[in-house]
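Written out below as structure tokens is the structure these notes cover.
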Amino acid sequence: MTVDRAAVAALVARPALQKLLGALDGAGETTWIVGGAVRDVLIGRPVSDVDCATTATPEETMRRAGAAGFRVVPTGVEHGTVTVIVDGTPFEVTSLREDVETDGRRAKVAFGRDFAADARRRDFTMNALYADRMGQVHDFVGGLADLAARHVRFIGDPARRIAEDYLRILRFFRFHAAYGAGDIDAAGFSAAVKARAGLDRLSHERLRAEIAKLLVAPRALETCRIMAEAGIMQRVLAGVTHEERLGRLTAWEAAAGRAPDAVLRLAALGAEIAEDAERLRERLRLSNAETRRVHAFAALAERLRGAAGPWRLRDLRALASAFPPEVIAAAFAAVAPQTEVEPRGRDLLAAAARGEEVVPAFPLSGGDVVAAGVEKGPRVGAVLAAARERWLDADCPADRAALERILREAVAAVREG
């Protein structure tokens, strides 16, 4: 691979990074940029976070950074990592190390001074590239060739790398989805399949972080299919998966000009019925907001599977008053793309896909119902529900005369009922 020295030099020349290297380098210690920043700059991707590897011990790193006036946070000092904040920019700085003992989740490490040894204990060859203060790239494990070929390959024996940390199974697939081209690495795939039971030992939070990144990667769909065929995706999500729905959703996102949505993609892949939302919440530690979106998608999927159509504009507006518009559009695209929808309903779904407001806010409130002579209590909610249905039937009017008529009819219907 031809190294773009100018791009690497521009990375190294970032003012905050220069200050950091100036403080940590010298007097017997060497600090280089490592990992994702080097990888991404070499293939022309934007670089946000910059990590560094240093011969200095964590204590020496903290001493030098503190002496330079930088804020230091001992984020993972037991594993050699401290975060140094320079002019508001955080840098993770990790002492060169070797794994002495691992159990598939955590490692005991020994600090060293050998960059080549540090490279050999990392996961993938393309993640073990270093750049020094002069912009020179250092490759100890063949990462440049693999990066040029977009081939995600474990360093050394894949089974041994995975046994050190079972999260590397998901990282292997995630990096293939994000950076890979061509077929997945055969040796890595075989080792991942054989060790897939180790995924059960990982925390829910670690599973969630990797799956969220994988689902929005450029080759997410085909990678999810590979994982499902090997029984890995079902193990991660603790349930049946639906790659065909994920395929229709990704096609819809592309056609609608929408950015990949990890939560909607997760729902399409793993939420067949509403109860699945709770399973995914527990399995991946979803937030309340994420769970609500997954639940909405699954609930809509159940309704769509039982409806032959055609869907009227009024019916879609009723859905849109209860569910997020983009979830409705996504569910139609992923679950029932052939369902008949009236032309104005199609317009509503298209607007929902664009993120536009598709239903005006229901203009009546509990106060309006009380003012119409209904005593406070459960009957107020019943009147509001009846009024909403009539308002939708009337094409969502906003004029006061129509609203007063709708309210009178709703009050009468509830009293008679």
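The values are calculated or read from the model by the stated rules, or taken from the named source; none is laboratory data. What you see is a predicted model, and the numbers here were worked out from it, not measured in a lab. With ideal geometry, Cβ positions are generated from the backbone for all residues, glycine too; neighbour counts draw on all protein chains shown.
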- Condition check for Phe70: more than 21 Å from Ala116 (Cα to Cα) and touching a Cys at 6+ places or on another chain (Cβ under 7 Å): no
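Yes/no matrix, rows are residues, columns are (1) more than 21 Å from Asp146 (Cβ to Cβ); (2) at pLDDT 95 or above; (3) within 21 Å of the chain's Cα centre (by Cα):
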{"site": "Asp185", "(1), (2), (3)": "no, yes, no"}
{"site": "Phe189", "(1), (2), (3)": "no, yes, no"}
{"site": "Arg196", "(1), (2), (3)": "yes, yes, no"}
{"site": "Arg206", "(1), (2), (3)": "yes, yes, yes"}
{"site": "Leu214", "(1), (2), (3)": "no, yes, yes"}
{"site": "Pro218", "(1), (2), (3)": "no, yes, yes"}
{"site": "Glu222", "(1), (2), (3)": "no, yes, yes"}
Flagged in region 240-258 as modelled with pLDDT under 95 and not in a helix (DSSP H, G or I), in numbering order, are Val240, Gly257, Arg258
Open item on the list: Given the condition surrounded by fewer than 20 Cβ atoms within 10 Å (Cβ to Cβ) and in contact with a Leu (Cβ under 9 Å, 6 or more places away or on another chain), answer yes or no: does some residue in region 265-278 qualify?
Closed with: no
Going by the conditions given, is Ala53 of a type in the set (A, V, I, L, M) and not in a strand (DSSP E or B)?
no
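Yes/no matrix, rows are residues, columns are (1) aromatic (Phe, Trp, Tyr); (2) assigned by TED's automatic domain parsing to the domain that holds Val335; (3) over 18 Å from Gly270 (Cα atoms); (4) buried (at least 17 other Cβ atoms within 10 Å of the Cβ):
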| residue | (1), (2), (3), (4) |
| --- | --- |
| Phe173 | yes, no, no, yes |
| Ala192 | no, no, yes, yes |
| Pro218 | no, no, yes, no |
| Ile226 | no, no, no, yes |
| Gly231 | no, no, no, no |
| Leu246 | no, yes, no, yes |
message = Among the residues in region 296-315, are any closer than 22 Å to Gly257 by Cβ, crowded, with 20+ Cβ neighbours inside 10 Å and in contact with a Lys or Arg (Cβ under 9 Å, 6 or more places away or on another chain)?
response = no
Sole miss for Ala238 among (1) within 28 Å of Ser203 (Cβ to Cβ); (2) among the small types (Gly, Ala, Ser); (3) surrounded by fewer than 17 Cβ atoms within 10 Å (Cβ to Cβ); (4) free of Cβ contacts under 8 Å to residues at least 24 places away in the same chain is condition (4)
* Asked: Quick check: anything in region 397-405 of a type in the set (Asp, Glu), under 38 Å from the mean Cα position of the chain (by Cα) and either modelled with pLDDT of 90 or more or outside any helix (DSSP H, G or I) (or both)?
  -> no
Just one listed residue, out of Val72, Val47, Val38, is part of a loop (DSSP other than H, G, I, E, B), in the same structural domain as Phe124 (by TED's automatic domain parsing) and at pLDDT 95 or above, and it is Val47
_Condition met for Ala110 (among the hydrophobic types (A, V, I, L, M, F, W, C), loosely packed, with under 14 Cβ neighbours inside 10 Å, more than 28 Å from Leu144 (Cα to Cα) and in contact with a Lys or Arg (Cβ under 9 Å, 6 or more places away or on another chain))_ = no
Per the list (1) basic (Lys, Arg); (2) modelled with pLDDT under 90; (3) under 19 Å from Ala412 (Cα atoms), residue check on Arg354 breaks on (3)
With criteria (1) in contact with a Leu (Cβ under 7 Å, 6 or more places away or on another chain); (2) surrounded by fewer than 19 Cβ atoms within 10 Å (Cβ to Cβ), Leu167 comes up short on (2)
Restricted to region 10-59 and to residues being among the hydrophobic types (A, V, I, L, M, F, W, C) and over 31 Å from the mean Cα position of the chain (by Cα), the residue surrounded by the fewest Cβ atoms within 10 Å (Cβ to Cβ) is Ala27
The residue that is farthest from Met134 (Cα to Cα), considering only those in region 13-27 that are modelled with pLDDT of 95 or more and part of a loop (DSSP other than H, G, I, E, B), is Arg14
Checked against (1) more than 21 Å from the chain's Cα centre (by Cα); (2) closer than 19 Å to Leu249 by Cβ; (3) hydroxyl-bearing (Ser, Thr, Tyr), Ser321 satisfies every condition except (2)
Checked pairs for region 337-353, first touching a residue at least 40 places away in the same chain (Cβ under 8 Å), second surrounded by 16 or more Cβ atoms within 10 Å (Cβ to Cβ) and in a loop (DSSP other than H, G, I, E, B), C-beta under 8 Å and 6 or more apart or across chains, list as Ala353/Arg258
If we ask which residues in region 136-192 are assigned to a helix (DSSP H, G or I) and not aromatic (Phe, Trp, Tyr), their number turns out to be 29
